[in-house]
Amino acid sequence: MYRRFLRPLLFLFPPEFIHRMVSIFLINFFRIPFASAVTQKLYKVNNPALKRDLFGLRFPNPVGVAAGFDKHARLYNTLANFGFGFVEIGTVTPVGQNGNPQPRLFRLPKDKALINRMGFNNEGVEAFAKNLKKKHPKVIIGGNIGKNTATPNEKAIHDYCHCFEVLFDLVDYFVINVSCPNIKGLSGLQDKENMLELLKAIQKINFSKPAQKPVLLKISPDLNEPQLDDVLSIVQETKIDGIVATNTSSQRTGLVSDQAKIEKIGQGGLSGKPLQNKTINSIEYIHKKSRGRVPIIGVGGIFTPEDALKALEAGASLVQVYTGFIYEGPGIVNKINKHLIRNT
């Protein structure tokens, strides 16, 4: 029903406008008595076989929402009603910022893909924290943190540490985002020396607390094997808890959409089906090279139950969807979880 009737209607409108309208609709819809209960009855799958113990947390199932869908910490409980096992919110920065000029989100239906150059648009970490305090999360929450666009890289550590401190008691795990291609100069933080300095600063705060929070690093799908080796070395040295593989890509290889359309869109991070092979290759390499000792959240190109199973078999412990959720609809998590029960 979603793909045949609702998606064609939604795709008539600009993607960022539709995201905003759907968000408003869902927030108001779940204020209706019994709306949450009915939705959970339709979509949620409860089965002991789906549970995953990771990072000291018990995930009710291994399927989550990737960062970017809930940038302002307003939709996490709404998304939980559709059966997701966890929701990663953000990316959030210390100070609110508008992000890049619109239009900045584009669909490539022929490729089942999106290109975005949102630019970490968010209301700032204080507003983010206020929203989390106002509505107690009913799902495991990951906090994806970044730096303000105006903050130079040499001062970026302060931005990340500030967000980490403010959100420490409000989220279940953290993801350090240094791999988004839409923030000018951010990729420089992926250099081994810079990443070590940043993660050591985060871990210094983390280990000063009575109980630590899991810290994960989100990596680019465009890293080569020597760069992935550097990432694994950094994970070992800083003792962070895992990797999110992968972010969006700045590359455009293998797309079937009209080349003139792609060129007109310009810069931005590519997500969706074209990233699937890159994501699987990154997961497999990290899993094999670390001998399975580094937990991985797999994200990128997951549209079907078979895609999710492929990522898990490659070595991921959990998976996330974003573009697949846009193209396949809210039933995606139900289908994946039922497939996993039958096949694992």
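I need the full set of residues from segment 274-288 which are surrounded by 24 or more Cβ atoms within 10 Å (Cβ to Cβ) and within 17 Å of the chain's Cα centre (by Cα), in order please. Step through it out loud before you land on a result.
So in segment 274-288, the residues surrounded by 24 or more Cβ atoms within 10 Å (Cβ to Cβ) come out as 274-275, 279, 282-283, 286.
Those that are surrounded by 24 or more Cβ atoms within 10 Å (Cβ to Cβ) and within 17 Å of the chain's Cα centre (by Cα): 274, 275, 279, 282, 283.
Going by the conditions given, is residue 170 surrounded by fewer than 23 Cβ atoms within 10 Å (Cβ to Cβ), modelled with pLDDT of 95 or more, out of contact with any Phe, Trp or Tyr (no Cβ under 6 Å at 6 or more places or on another chain) and not in a loop (DSSP other than H, G, I, E, B)? Steps first, answer last, please.
Details: surrounded by fewer than 23 Cβ atoms within 10 Å (Cβ to Cβ): yes; modelled with pLDDT of 95 or more: yes; out of contact with any Phe, Trp or Tyr (no Cβ under 6 Å at 6 or more places or on another chain): yes; not in a loop (DSSP other than H, G, I, E, B): no.
In short, no.
Residue by residue through segment 312-332, note down the ones that are assigned to a helix (DSSP H, G or I) and either within 15 Å of the chain's Cα centre (by Cα) or free of Cβ contacts under 8 Å to residues at least 12 places away in the same chain (or both). First the steps, then the outcome.
Taking segment 312-332 as the starting set, the residues that turn out to be assigned to a helix (DSSP H, G or I) are 312-314, 323-328, 332.
313, 323, 324, 325, 326 - these are the residues of segment 312-332 that are assigned to a helix (DSSP H, G or I) and either within 15 Å of the chain's Cα centre (by Cα) or free of Cβ contacts under 8 Å to residues at least 12 places away in the same chain (or both).
Select, from 228, 186, the only residue that is of a type in the set (A, V, I, L, M) and closer than 19 Å to residue 95 by Cβ.
186
Among residues belonging to segment 96-117 that are out of contact with any Leu (no Cβ under 9 Å at 6 or more places or on another chain) and closer than 21 Å to residue 159 by Cβ, point out the one that is surrounded by the fewest Cβ atoms within 10 Å (Cβ to Cβ).
98
Rundown of residues vs (1) of a type in the set (A, V, I, L, M); (2) more than 27 Å from residue 340 (Cβ to Cβ); (3) in contact with a helix residue (DSSP H, G or I) (Cβ under 7 Å, 6 or more places away or on another chain), yes/no style:
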| residue | (1), (2), (3) |
| --- | --- |
| 14 | no, yes, no |
| 19 | no, yes, no |
| 24 | yes, yes, no |
| 31 | no, yes, no |
| 40 | no, no, no |
| 51 | no, no, no |
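So which of 13, 29, 34, 25 is surrounded by fewer than 20 Cβ atoms within 10 Å (Cβ to Cβ), at positive phi and among the hydrophobic types (A, V, I, L, M, F, W, C)? Full working, then the answer.
Working: 13 fails: at positive phi; 29 fails: at positive phi; 25 fails: at positive phi.
The match here is 34.
Please give the number of the condition residue 7 fails out of (1) without any contact (Cβ under 8 Å) to a residue 40 or more places away in the chain; (2) surrounded by 12 or more Cβ atoms within 10 Å (Cβ to Cβ); (3) of a type in the set (D, E, K, R); (4) more than 25 Å from residue 123 (Cα to Cα).
If we test residue 7 against (1) without any contact (Cβ under 8 Å) to a residue 40 or more places away in the chain; (2) surrounded by 12 or more Cβ atoms within 10 Å (Cβ to Cβ); (3) of a type in the set (D, E, K, R); (4) more than 25 Å from residue 123 (Cα to Cα), just (1) comes out false.
I'm trying to understand the selection: among the residues of segment 178-224, which are part of a loop (DSSP other than H, G, I, E, B) and either of a type in the set (Asp, Glu) or in contact with a Cys (Cβ under 8 Å, 6 or more places away or on another chain) (or both)?
The answer is 191, 222.
Under 9 Å between Cβ atoms, which residue pairs at least 6 apart in sequence (or on different chains) link something in segment 67-91 that is farther than 21 Å from residue 116 by Cα with a partner that is in a strand (DSSP E or B) and basic (Lys, Arg)?
That search, which allows pairs on different chains as well, returns 85/52.
The values are calculated or read from the model by the stated rules, or taken from the named source; none is laboratory data. All values derive from a computational prediction rather than experimental measurement. Positions of Cβ are generated from backbone atoms using ideal geometry, with glycine treated the same way; all protein chains shown enter the neighbour counts.
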